[in-house]
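FYI, it's all coordinate maths here, none of it is from the lab. Given the structure is predicted, the values throughout are model-derived calculations rather than measurements. Positions of Cβ are generated from backbone atoms using ideal geometry, with glycine treated the same way; all protein chains shown enter the neighbour counts.
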Amino acid sequence: MNQEQLLAIAKQFAIEGEIAEIKPLGEGFINDTFVVTTAGDAPNYILQRKNHNVFPDVPGMMDNILAVTEHIKKKVADPMRETLTVIPACDGKLYVKDGENFWAVCLFIADTASYDRADSPELAYQGGVGIGRFQALLADFDKPLNETIKGFHNIRWRFKQWDETIAADPAGRVKDLQQEIGWVEARRGEMLDFWSKVESGEIPTHVTHNDTKISNILFDKPTGKVLCAIDLDTVMSSTSLNDFGDAIRSYTNTGAEDDKNLDNVEMSIEMFRAYAEGYLSEQRSSMKQIELDYLAFSARYITFEQVLRFLMDYIDGDKYYRTAYADHNLVRTHAQYKLLQSIERQYDQMCAIVKELS
Ligand code: ADP
Ligand code: GN1
Ligand code: MG
């Protein structure tokens, strides 16, 4: 997309001020994100092309985002900074449809920092506070939410997709992946056992974020404290354990999600403790015993799910995640599997920490 095309899209939103520049931001796996800078005192904006192959109902997704952010705004001291602000299009819709593509805009929150990895326990603690608070603010949200991605963290559904993808083998890669497929199959039973507890209602469901990696949290630059959860595309009803598990997958990894050097990848127990401490400081009193009992397990669950999803996409011929080179999804699979093994090795210690903190 060139500046002119981007400008033509941005101008269809109810943006204040004169647009000075539109620049790409970051390297998302799913959406394309741009910063819209305006001249003078007007605010800046985030413009996003939402990936409608991943999100089949972008209007429904935007309705979810508007509903939860309006709910949060009523409860916080600084409503323009402590959650996203959706900027509608000039015609009142929450998106602009341009051919095949859907676009959305929100306010750019200034004086914030975001990170790709946690480099201090203090940051991990703050991240835990951020997600704990996000869930607490939405605990009394009682409108139905659209299911923006079917069965997103439902491992029974993921195994259905997995079985179909392996049977179809569209890229002819299955024959070379027997070891990796074995990693997934060896854990099928325990993962389904956990999910049956969610299906039966034993583990309750709440409004959850569902994509809690560290880059989806904004921190306030002047104070270093957590400000808000962003990237609300996957806000849906699920177990809050998924938000904890996905954050642990991200904050505790001593390497990168796609590290080629597996020696870099371990689960840092120090970061685990810090994140759990922050999260429980907000959530401890509202959690059921069974949620505490499975808190540490959720890190195994979500990291396993990520191994399955990266490998499934590789088998499928790389259709879901954006990749930077030919076997990127396989590299991600190996790095996440190394992390899963590290989590499994330290699981007893993780359970002991949760017990101590709760
Ligand atoms: P993606 O779907 O590509 O992951 P995100 O919504 O997470 O897109 O945005 C990518 C990055 O852009 C974030 O990690 C953050 O650094 C920055 N960002 C996104 N929204 C805002 C915002 N409203 N204010 C400031 N920075 C933002
Ligand atoms: C994607 O959109 P982003 O980059 O925040 C993915 C997550 C994965 C993550 C892995 C909608 O998150 O589920 O955990 O990549 N989001 C979607 O880094 O599939
Ligand atoms: Mg993101």
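Using only DSSP helix segments of four residues or longer, with each worth -39500 (n - 2.57), what per-residue ellipticity at 222 nm results for the chain after dividing by its residue count and rounding to 500?
Numbers: 12 runs with 157 residues, N = 358.
Calculated at 222 nm, the ellipticity per residue is -14000 deg cm²/dmol.
I'd like to know which of Val174, Ile203, Ala335 lies farthest towards the positive end of the charge dipole of the chain, counting +1 on Cβ of Lys and Arg and -1 on Cβ of Asp and Glu.
Ile203
Can you tell me what the convex hull of the Cα atoms of the chain projects to on average, as an area in nm²?
On the way: hull surface 72.2 nm².
Its average projected convex-hull area is 18.0 nm².
Using mean Cβ contacts within 10 Å as the protection proxy, how do 159-171, 259-271 order, highest first?
On the way: 159-171: 14.1, 259-271: 16.5.
Result, highest mean Cβ count within 10 Å first: 259-271, 159-171.
Kindly flag which residue pairs out of Lys75/Lys288; Lys23/Lys50; Lys75/Lys213 have an alpha-carbon separation exceeding 20 Å in this structure. Mind dumping the intermediate values first?
Numbers: Lys75/Lys288 24 Å; Lys23/Lys50 16 Å; Lys75/Lys213 24 Å.
Beyond 20 Å: Lys75/Lys288; Lys75/Lys213.
Report the Stokes-Einstein translational diffusion coefficient (µm² s⁻¹, integer) for region 3-110, Rh taken as the Kirkwood radius over Cα pairs, at 37 °C with viscosity 0.692 mPa s.
Values: Rh = 14.3 Å.
This corresponds to a translational diffusion coefficient of 229 µm²/s.
How much length, in nm to one decimal, is gained on full extension between Glu18 and Asp163, taken as 0.36 nm per residue of separation minus their Cα-Cα distance? Spell out each step's value before the answer.
Numbers: separation 145, 0.36 × 145 = 52.20 nm, distance 5.16 nm.
So the chain would gain 47.0 nm between Glu18 and Asp163.
Subtracting the Cα-Cα distance from 0.36 nm times the residue separation, let me have the gained length for Ala39 to Lys225 in nm, one decimal. All intermediate terms of the calculation are to be shown ahead of the outcome.
On the way: separation 186, 0.36 × 186 = 66.96 nm, distance 2.90 nm.
That pair, Ala39 and Lys225, stretches by 64.1 nm at full extension.
Taking every pair of alpha-carbon atoms in region 48-121, what share in percent sits in each 10 Å bin, from 0 to the bin with the longest distance?
17, 40, 32, 10, 1
Show me, for region 59-76, the HN-Hα J-couplings you get by feeding each phi into the Karplus relation (A = 6.51, B = -1.76, C = 1.60, θ = phi - 60°), rounded to Hz, glycine and proline as x.
Rounded to whole hertz, the list is x, x, 5, 5, 4, 4, 5, 4, 5, 6, 6, 5, 4, 5, 4, 5, 10, 9.
For Cys228, enumerate residues with amide H under 5 Å from its amide H, sequence gap 5+ or separate chain, H modeled in the peptide plane.
Under 5 Å from the amide H of Cys228: Leu218.
Quick one: Cα convex hull volume of region 59-164, Å³ per residue?
On the way: hull volume 19.6 nm³, N = 106.
Hull volume normalised by residue count: 185 Å³.
Taking R0 as 35 Å, what's the FRET efficiency between Glu27 and Lys75 from their Cβ-Cβ distance, rounded to 0.05? The partial results should precede the final answer.
On the way: r = 33 Å, r/R0 = 0.94.
After rounding, the FRET efficiency stands at 0.60.
Lys and Arg at +1, Asp and Glu at -1: add these up for the other residues within a Cβ distance under 10 Å of Lys213 and post the number. All intermediate terms of the calculation are to be shown ahead of the outcome.
Working: positive: Arg117, Arg249; negative: Asp116, Asp211, Asp231, Asp246, Glu257.
Its environment carries a net charge of -3.
Let me know the charge dipole size of region 84-214 about its Cα centre in debye, to the nearest 20, where only the beta-carbon of Lys, Arg (+1) and Asp, Glu (-1) is charged. List each step's numbers first, then the result.
Details: 15 positive and 21 negative charges, 33 e Å.
So the magnitude is around 160 debye.
Which one, His52, Pro24, Met236, is farthest towards the positive end of the dipole of the chain when Lys and Arg carry +1 and Asp and Glu -1 on their Cβ?
Met236
List, in order, the whole-Hz ³J(HN,Hα) value for each residue of region 37-52 obtained from phi through the Karplus relation with A = 6.51, B = -1.76, C = 1.60 and θ = phi - 60°; use x for Gly and Pro.
Going residue by residue, I get 9, 10, 7, x, 8, 5, x, 9, 9, 10, 10, 10, 8, 7, 7, 7 Hz, with x marking Gly and Pro.
May I ask you to list the GluC sites (Glu not before Pro) in region 37-142 that are in a DSSP loop and have at most 12 other Cβ atoms within 10 Å of their Cβ? Intermediate results must be reported in sequence, preceding the final value.
Numbers: sites: Glu70, Glu82, Glu100, Glu122; in loops: Glu82, Glu100.
Passing both the DSSP loop test and the Cβ count: Glu100.
Through the Karplus equation 6.51 cos²θ - 1.76 cosθ + 1.60, θ set to phi - 60°, convert the phi angles of region 101-117 into ³J(HN,Hα) values in whole Hz; use x for Gly and Pro.
9, 10, 10, 9, 10, 9, 5, 7, 8, 7, 6, 10, 10, 10, 10, 8, 8
In nm, give the distance between the simple-model label positions of Asp91 and Ala171, each being 7 Å from the Cα along the Cα-to-Cβ direction.
If labels sit at Asp91 and Ala171, their model points lie 3.7 nm apart.
Which aspartates and glutamates have a Cα lying under 20 Å from the Cα of Lys11, excluding residues fewer than 8 positions away in the same chain?
Once the sequence-local aspartates and glutamates are set aside, what remains near Lys11 is Glu21, Asp32, Asp41, Asp91, Asp98, Glu100.
Count charges around Pro121 for me, please; just the other residues with Cβ under 9 Å from its Cβ, Lys/Arg as +1, Asp/Glu as -1.
Details: positive: Arg273; negative: Glu122, Glu270, Glu277.
Every neighbour counted, the sum reads -2.
Straight-line reach from Lys197: which aspartates and glutamates fall under 13 Å, measuring Cα to Cα and dropping same-chain residues less than 8 apart?
The qualifying aspartates and glutamates are Glu291, Asp293.
Place a label point 7 angstrom from the Cα of Arg322 along the Cα-to-Cβ direction, then list the residues of region 39-63 whose backbone nitrogen is under 12 Å away.
Correct set: 48-51.
Between Lys75 and residues 5 or more places away or on another chain, which pairs have amide H atoms under 5 Å apart, with H built 1.01 Å from N, and which residues are they?
Hits under the 5 Å cutoff: none.
Just how large is the dipole of the chain about the Cα centre, in debye to the nearest 20, putting +1 at every Lys and Arg Cβ and -1 at every Asp and Glu Cβ?
360 debye
Can you give me the orientation-averaged projected area of the convex hull built on the Cα atoms of region 241-354, in nm²? It would help to have the intermediate numbers written out before the result.
Details: hull surface 28.8 nm².
Averaged projected hull area, Cα only: 7.2 nm².
What is the local net charge at Thr148, summed over the other residues whose Cβ is closer than 13 Å to its Cβ (Lys, Arg +1; Asp, Glu -1)?
Values: positive: Lys50, Lys150; negative: Asp57, Asp63, Glu147, Asp211, Asp231, Asp233.
Residues close to Thr148 contribute a combined charge of -4.
Based on the mean of other Cβ atoms within 10 Å per residue, sort peptides 48-60, 14-26 so the most packed one is first. Before the final figure, lay out each step's value.
Values: 48-60: 16.1, 14-26: 14.3.
The densest-packed peptide leads the list: 48-60, 14-26.
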